[in-house]
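Each value in this text was obtained by applying a stated rule to the coordinates, not by laboratory testing. In this text the structure is predicted, and so the values were computed from the model without any measurement. Methodologically, a virtual Cβ is constructed for each residue, glycine included, from the backbone with ideal geometry; neighbour enumeration extends over all protein chains shown.
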């Protein structure tokens, strides 16, 4: 009789350890999936913005918002803005979502003048913070990039 109680106790401890291990593995895979989504979305969004900024020739300062959260960048015929926690690219009325799987929690733009090779250019700096996941799987990642407009030279 004592043997059965000991075996049942050991079986209960083993089941608890196995369940805890399975939950830990599930959580790790979930975190890896969220981190991957953040890295892919943020990298692709910044790459697209930097490419468009480099190709641009001028910033429409009157229609852009610099130095504030959820800023707006209006260059040539392109506009980058945040709406409903998603970063958008508006190319003459054709709107493209740049971050559909992650929420934009911070989007700040800075503009500065740069003198290079005897001509004046504009430097645009981007600060982007994305958030993905829910509950204990929620993660936030910051992204930074700068680009000089080359369209003028």
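For segment 16-88, what does the relative contact order come out to in percent, with C-alpha contacts under 8 Å and a separation of six or more?
15
Any chance you could give the angle, 0 to 90 degrees and rounded to 10, that helix 2-55 forms with the longest Cα principal axis of the chain?
Around 10 degrees separate the two axes.
Can you put 4, 75 in order of Cβ neighbours within 10 angstrom, beginning with the fewest?
Going from least to most buried by this count: 4, 75.
Is it possible to state the helix-based mean residue ellipticity at 222 nm for the chain, with each DSSP H run of 4+ residues giving -39500 (n - 2.57), the sum divided by total residues, to the nearest 500 deg cm²/dmol? What is it?
My calculation for the chain gives -13500 deg cm²/dmol from helical runs alone.
Sorting 113, 121 on the 10 Å Cβ count, fewest up front, what's the list?
113, 121
Subtract the Cα-Cα distance of residue 51 and residue 24 from 0.36 nm times their separation in residues, and report this length gain in nm to one decimal.
That pair, residue 51 and residue 24, stretches by 5.7 nm at full extension.
Between residue 144 and residue 90, what length in nm is gained on full extension when 0.36 nm per residue of separation is reduced by their alpha carbon distance?
17.3 nm
So if R0 is 41 Å, what FRET efficiency would residue 10 and residue 35 give, r being the distance between their Cβ atoms, rounded to the nearest 0.05?
Once the sixth-power term is evaluated, E becomes 0.65.
May I ask you to derive the relative contact order of the chain, considering only C-alpha pairs under 8 Å and at least 6 residues apart, and to give it as an integer percent?
In percent, rounded to a whole number, it is 23.
Could you give the radius of gyration (one decimal) and Dmax (whole number) of the Cα atoms in the chain, in Å?
Expressed in Å, the Cα Rg and Dmax of the chain come to 24.1, 93.
Which of 124, 8 has the fewest other C-beta atoms within 10 Å, and how do the rest follow up to the most?
8, 124
Quick one: if you take sqrt(5λ) for each eigenvalue of the C-alpha gyration tensor of segment 9-68, what semi-axes come out, biggest first, whole angstrom?
Those come to 51, 12, 4 Å.
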